[in-house]
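The values are calculated or read from the model by the stated rules, or taken from the named source; none is laboratory data. From a predicted model like this one, the values you see are computed outputs, not experimental measurements. All Cβ positions, even for glycine, are placed from backbone atoms using ideal geometry, and neighbour counts span all protein chains on display.
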Amino acid sequence: MWFEVGHRTSRVMSTTLSGQHLEAIARTRVYTEVVKQLQEKLISKLKPGDLLPSERALVQTFGVSRGSIRDAIRSLEAIGLLEPRQGVGTVVCDPAKSLAANPLAAALIDNRQTVLELLEVRNMLEPPIAGRAAAHATPDELAELEAILSRQEEKIRQHELAVDEDSEFHYCLALAADNSVVLKIIDVLMDLLRETRERTLQADGRQQKSLAGHHQILAALKQGDAAAAELAMRRHLAEVERIVLNQL
């Protein structure tokens, strides 16, 4: 019996969790796979009130470090699938109630690796783009960016998700950078980011912080200050990353 992890194949090391088989995993994408396997068993096989095996037993089961097991357990606690009880141990909770109460966290954990990689790509590309836009933006492009922020602010005031405006702002920055290749790359990036944006913009305070970051970037563009625009974008992305990682 074999278990596929990424492009590597490793022999299964079988054990049981309340009578159910679990599979040891390779070190590639360890955290993601541990969470995935545990979550599947908690939802499909275990009952609310069942005790999770000890960390030592899970380390032996999965063939990974104690730290990876602890991280996975903490993530499942965060979405309400597990609950630590003093003097008892870690108890399985009702999956229907847990995931209904926090669908955002559950979705982000499922997509953790993709989210982290997208954040990394944004940090590589968008600060230099903002700096270049400060040097090349036309009055019409600055006016369009201002209009986008007005629409974004109005949606937030109406307690609506400003997903389109958030994306438009970053796309228009790429337009202002006046580089056709950059524009094509950002076009693809915006498509990849859309689902993540829809989820993360629901986090408390996320929309307001996004709008504030956009205003700071636009202020630097209006001054034609490339260094300030790049710095403002880095700060904006750092704030986005902080909020996303808190959700993860």
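Tabulated data
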quantity: Condition check for GLU141: in a helix (DSSP H, G or I) and within 22 Å of GLU120 (Cα to Cα); calculated: no
quantity: Residue list for the stretch 216-248, restricted to those being part of a helix (DSSP H, G or I), touching a residue at least 40 places away in the same chain (Cβ under 8 Å) and among the charged types (D, E, K, R); calculated: LYS222, GLU230, ARG234, GLU241
quantity: Helices (runs of 4 or more DSSP H) lying entirely in the stretch 37-113 (those with 1 or more residues that are surrounded by fewer than 18 Cβ atoms within 10 Å (Cβ to Cβ) and modelled with pLDDT of 70 or more); calculated: 55-62, 66-78
quantity: Single residue of the stretch 149-208 satisfying the filter (more than 19 Å from LEU237 (Cα to Cα) and of a type in the set (Val, Ile, Thr)) that is modelled with the highest pLDDT; calculated: ILE156
quantity: Residue in the stretch 169-183 that is assigned to a helix (DSSP H, G or I) and β-branched (Val, Ile, Thr) present; calculated: yes
quantity: The stretch 157-200 - residue that is hydroxyl-bearing (Ser, Thr, Tyr) and in contact (Cβ under 8 Å) with a residue 40 or more places away in the chain and, of those, farthest from ARG122 (Cα to Cα); calculated: THR200
